[in-house]
Amino acid sequence: MFSLPQLEAFVAVAEELHFGAAAERLNMTQPPLSRQIQMLEKKLGTQLFGRTSRKVELTAAGATLLPRARQILDMCIKTDLDVRRVSSGQAGTITVGYTAIAGQSALPLMLRSAAEGMPGVSFVLRELVSTDQMDGLVKGSVDIGLLRPIVARPGVVCRPVMQDRLVVALPMGSTLLGNMAPPAGEPLPLGFLDRLPLLMYSTKEARYFHDLVLRLFASAGAHANITQYASQVPALLAFVQAGLGVTLVPASAMAFAPAGVEFHEIDGRHGMRELNRVELDVAWNEETANPAVLRLLELIEPLAAAALPTAG
């Protein structure tokens, strides 16, 4: 098989039609250039140039080879550039797992940073609950996760990228609170939700929120009367919209809440403000071999360092 230096020598001579000019173009002397052409002709078993004392011209075989030689060299240059871009994290593909709420908050910020800093990278987006994201990170089917703090897995690194808070979601115009209902815009003490039908997070897929809600209720001395379970915030809000009860959701969920749902901040007195903190982590496998993942983590480092201001 012929070599790339032989093709480079052939194209230079074919375009210059002068061995001296071609040698100068390639920053070499004429004898080694002539040897490359001779070796190529020997490999192909045909003469590529007609040579006289006055001129050099392509033979029919040489004219056939020229466009293909150019294509091969162009492909090699492109391949070299593509490989370098992938190895530097400027190209490639990243699979991102994210929760429903992260899809409305942290994910757009991350994608915006990527579009500006690594435009050659493409993304595969998968909406998954936090536990499924963690499984994907361990198995390698997810490169980066935007998930809630859950039990760590060996080899998976997590760091916070966003802070939020829970708010109370009620059916619009509901009489569930009776005469205890605060005026619009006023905070609501969680004690007012004592024994009301509570729409709750699944213990398996949304353990982080499940446990946080129970801690908040316990701190307020309220009984959590759980009547329905769901793994994602949109499903809980659908229950509320249907008038089936009340729930607690991240404040950032208010931006995409369905019609017929109203929200109240949780009264922050008696240490409730300190307890009512919701975190979102970015997670990745520390053994990832995807350079684009490492590049993206560098780009979003300022977001993680600032732990993004509270949404809402």
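Put simply, of Tyr208, Tyr229, Tyr201 the only residue that is in contact with a helix residue (DSSP H, G or I) (Cβ under 6 Å, 6 or more places away or on another chain), aromatic (Phe, Trp, Tyr) and under 27 Å from Leu137 (Cβ atoms) is Tyr201.
Kindly indicate whether Val124 is surrounded by fewer than 21 Cβ atoms within 10 Å (Cβ to Cβ), at pLDDT 90 or above and either of a type in the set (Ser, Thr, Tyr) or over 27 Å from Leu216 (Cβ atoms) (or both). When the stated conditions are applied, Val124 passes them. The set of residues in the stretch 265-294 that are open to solvent by less than 60 Å² (accessible area, probe 1.4 Å), closer than 30 Å to Val83 by Cβ and in contact with a strand residue (DSSP E or B) (Cβ under 8 Å, 6 or more places away or on another chain) comprises Val282, Ala283, Trp284, Asn285, Asn290, Pro291, Ala292, Val293.
Scanning the stretch 128-156 for residues that are touching a strand residue (DSSP E or B) at 6+ places or on another chain (Cβ under 6 Å), of a type outside the set (Gly, Ala, Ser) and either over 17 Å from Leu297 (Cβ atoms) or at pLDDT below 90 (or both) yields Leu128, Pro149. The residue that is least open to solvent (accessible area, probe 1.4 Å), counting only those in the stretch 45-87 that are modelled with pLDDT of 90 or more and of a type in the set (Ser, Thr, Tyr), is Thr59. In the stretch 123-143 there is at least one residue matching the filter, namely being closer than 18 Å to Pro291 by Cβ and in a helix (DSSP H, G or I).
The number of residues in the stretch 1-45 that are more than 51 Å from the chain's Cα centre (by Cα) and under 12 Å from Ala69 (Cα atoms) comes to 0. State whether one or more residues within the stretch 228-244 are modelled with pLDDT of 90 or more, in a loop (DSSP other than H, G, I, E, B), closer than 23 Å to Pro183 by Cβ and not hydrophobic (A, V, I, L, M, F, W, C). Within the stretch 228-244 (the criterion being modelled with pLDDT of 90 or more, in a loop (DSSP other than H, G, I, E, B), closer than 23 Å to Pro183 by Cβ and not hydrophobic (A, V, I, L, M, F, W, C)), the answer is yes, since at least one residue qualifies. Taking the criterion of being within 22 Å of Ala235 (Cβ to Cβ) and either exposed (fewer than 14 other Cβ atoms within 10 Å of the Cβ) or out of contact with any Pro (no Cβ under 6 Å at 6 or more places or on another chain) (or both), the residues of the stretch 143-165 that qualify are Gly145, Leu146, Leu147, Arg148, Pro149, Ile150, Met162, Arg165.
For the stretch 100-114, the criterion of being of a type in the set (D, E, K, R), farther than 25 Å from Glu8 by Cβ, open to solvent by 20 Å² or more (accessible area, probe 1.4 Å) and at pLDDT 85 or above is met by at least one residue.
Which of the residues belonging to the stretch 212-227 are under 24 Å from Ser130 (Cα atoms), open to solvent by 50 Å² or more (accessible area, probe 1.4 Å) and in a helix (DSSP H, G or I)? Those that are under 24 Å from Ser130 (Cα atoms), open to solvent by 50 Å² or more (accessible area, probe 1.4 Å) and in a helix (DSSP H, G or I): Leu214, Arg215. Might you let me know whether the stretch 25-41 holds any residue that is at pLDDT below 90, open to solvent by 30 Å² or more (accessible area, probe 1.4 Å), among the polar types (S, T, N, Q) and more than 30 Å from Glu116 (Cβ to Cβ)? No, the conditions are met nowhere in the stretch 25-41.
The values are calculated or read from the model by the stated rules, or taken from the named source; none is laboratory data. Everything numeric in this text was worked out from a predicted model, so none of it was measured. All Cβ positions, glycine included, derive from the backbone under ideal geometry; neighbour counts span all protein chains shown. Each accessible area value is taken on the protein alone, full model and side chains, heavy atoms only, with ligands, DNA and RNA left out. Shrake-Rupley method; radii C 1.70, N 1.55, O 1.52, S 1.80 Å.
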